[in-house]
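Here is the structure we will look at, set down as structure tokens.
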Amino acid sequence: MLVNIKYFASVREAIGMAGEARQTSSASLAALRDELIAAGPAYECLDRSRIVRMALNHVMSDESSQLTPGCEVAFFPPVTGG
């Protein structure tokens, strides 16, 4: 299935792009994250040793969330505000 992935802040800087449309057979956010990590060194910022927040269709989600064709996935670092 085709999913739309967006990268924000330091994740975007590390990967070198703001987003991509990607064909995947991953069923969940966890599986997609693992697929991206395995795709090469550009994606090592998503490594499991790092805290990365995820959203699915604009809703903060955990790794068990299921992907659907055409969904939007966002990866971003923890954010603090003042």
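The values are calculated or read from the model by the stated rules, or taken from the named source; none is laboratory data. Everything numeric in this text was worked out from a predicted model, so none of it was measured. A quick note on method: Cβ atoms are made from the backbone with ideal geometry, for glycine too, and the neighbour counts reach across all protein chains shown. What goes into the accessible areas is simple: the full protein's heavy atoms, side chains included, and nothing from ligands, DNA or RNA. Shrake-Rupley method; radii C 1.70, N 1.55, O 1.52, S 1.80 Å.
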Failed item, numbered, when residue 35 is tested on (1) under 21 Å from residue 1 (Cβ atoms); (2) in contact (Cβ under 8 Å) with a residue 24 or more places away in the chain; (3) part of a helix (DSSP H, G or I): (2)
Scan of segment 47-61 for residues that are assigned to a strand (DSSP E or B) and not small (Gly, Ala, Ser), ordered by number: 53, 54, 56, 59, 60
Matching residues in segment 1-32 - criterion: being part of a strand (DSSP E or B) and polar (S, T, N, Q): 4, 23, 28
Condition check for residue 64: without any contact (Cβ under 8 Å) to a residue 12 or more places away in the chain, outside any strand (DSSP E or B), among the hydroxyl-bearing types (Ser, Thr, Tyr) and open to solvent by 50 Å² or more (accessible area, probe 1.4 Å): no
Test: residue in segment 26-40 that is touching a Phe, Trp or Tyr at 6+ places or on another chain (Cβ under 7 Å), of a type in the set (Gly, Ala, Ser) and exposed (fewer than 13 other Cβ atoms within 10 Å of the Cβ): no
Condition check for residue 57: on the phi > 0 side of the Ramachandran plot and of a type in the set (S, T, N, Q): yes
Meets criteria (under 10 Å from the mean Cα position of the chain (by Cα) and acidic (Asp, Glu)) for residue 44: no
Selection count where residues are out of contact with any Phe, Trp or Tyr (no Cβ under 8 Å at 6 or more places or on another chain), of a type in the set (A, V, I, L, M, F, W, C) and surrounded by 13 or more Cβ atoms within 10 Å (Cβ to Cβ), scope segment 1-13: 2
